[in-house]
Structure formats: C-alpha cells, structure tokens
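Structure first, then comments.
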Amino acid sequence: MEKHIIDSLDEFLGSRHLWETLETYLLSKQTSVKNVLHRGMNFPIHLIKVGNVVEEWHGSTHWSKDFQIAQNFAYDGYINEEFVEELQEELSEDIYKSYEVTEALDLFHPVIFRLKENTKGIDVHSIIEAIQELEKWKKEQEVAFIGVDFRIESFKYVDGEKPYYLIDVIEVTADKCKWCEGSGIDSEGVLLGNPYPCTDCRGTGFEHGEEGKKLYFKEMDRVEQRLIAQGLL
C-alpha cells in the first residue's frame, strides 16, 4: 500500500479527517461486512425515536466489530460541544419539561447503536491488518461508512453497572444528496435527502444547477466552521 494512503488512514483513524484521495480508496472497498456492528457514544435521548434518522456531520461513521469497544466509547465522556450549543438554541421549553432537564447537556446519555446487517461497510480493520505502521488501531476493529445515514428501528434501555440505550438501526441510502436541485426543502427550511454531498456536487461542475451550488457552499461554510472550532482546520 502506498505511503500516502497509510498516512491518510492513520489520520482518519485518529482525527477522523477524510482526505479526498483516501475517500476514493475507501469507497472502492465498500462491501457487506458480515459482523454485527456497534457504535457507542453520548447521544441526546429526545432524539431516540423509532423512524428518526441519525445523520453524521462529517460524512463518515465509525463502528466496531467488538461490542466492548463500542461500550468504551459510550463511556469515554466525550460530547461534541458545538452540537450541545446547537441543541441549546433549538430546543423548546416542552423538551426541557418532558425530560426534566435544565440544559441540553443533560439530555446526553450513553447509547450503543447496533447494526445487524449492512451493504456499504468498509472493513478498515481488515484493510490495516497487515500494515505494521497502523498496529495501534487494530484493537478497535473498525468498520466505517461513508455517505450513509441510519434509521432507528427499535431501542431499549439496558440497566446494569454501565447502563445504556441499545438502539437497532438500518442503513438509509439515497441516490440524490440534499444539495441537489429538486431534493426539496421541508416546511422548516431543512434540506431533504442524503446529507453527504454526492459526486456531482463535490466536483467542479455542480451538475445540479445554481440552486444546488448555493446550498452546497452555504453548508460547506458551516462544516468548515465546525472543523475550525474543533481544531481540525
């Protein structure tokens, strides 16, 4: 494997930054990974509803073949501060009353998403298996997804020494991305469709017209500001 791909993989596994050349390489490795996959994090419980779609801000999500790895991430204490601030601005008083909380941060609880079947997994664990330079990442047994959202099918609360919400999800894919002209905007002004820019929108031609181009640049500016705030740019 070429050194620049190895270096990009190292950065991807560490900071989650996805260079375009690595993205192209990883997308060529999409397959149906046979393992049941898990993803642990702190997640706002008011969004845990059957039918809700879990979107990824930066276009990629990171899962593990090992349940324990996912549980460790659910309990690592990390919560995206910018996401909390965004929720704080958007939440209604009814939400605070319903969940008996006073601020958005109090809504976050450990959750573990479970994906029993998939068609677009990227088995990063297998890709790096023989790469000595990436030895430190092998224990995470990672499977990544690029441009794929997940819809909640069911969930339950699991009590115990480390309680968590176990959330079963399925893949959601879309031919059009939400930047595409014609994808539509809902009554609240939210763009519909796949949140990850499709190939046309990521290219220089902007095949979906001027409106798609405007929407693309507007959202990419928001993404850039998020990355700057997180120290990734």
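The values are calculated or read from the model by the stated rules, or taken from the named source; none is laboratory data. Since the model is a prediction, treat every value here as computed from it, not as a measurement. Don't worry about glycine lacking a Cβ; one is built from the backbone with ideal geometry, like all the others, and counts go over all protein chains shown.
Brief remarks follow.
- Enumeration of residues in the stretch 6-44 that are surrounded by 18 or more Cβ atoms within 10 Å (Cβ to Cβ), out of contact with any Ser or Thr (no Cβ under 8 Å at 6 or more places or on another chain) and over 23 Å from Thr119 (Cα atoms): Asn42, Phe43, Pro44
- When Val50 is tested against (1) under 19 Å from Lys156 (Cα atoms); (2) surrounded by 12 or more Cβ atoms within 10 Å (Cβ to Cβ); (3) among the hydrophobic types (A, V, I, L, M, F, W, C), exactly one condition is not met: (2).
- Extreme residue, surrounded by the fewest Cβ atoms within 10 Å (Cβ to Cβ), among residues of the stretch 95-123 that are over 21 Å from Ile170 (Cβ atoms) and in contact (Cβ under 8 Å) with a residue 40 or more places away in the chain: Ser98
- Residue check for Gly51: on the phi > 0 side of the Ramachandran plot and either of a type in the set (Phe, Trp, Tyr) or touching a Lys or Arg at 6+ places or on another chain (Cβ under 8 Å) (or both): yes
- Hits in the stretch 135-178 (condition: modelled with pLDDT under 90 and not in a strand (DSSP E or B)): Gly147, Val148, Thr173, Ala174, Asp175, Lys176, Lys178
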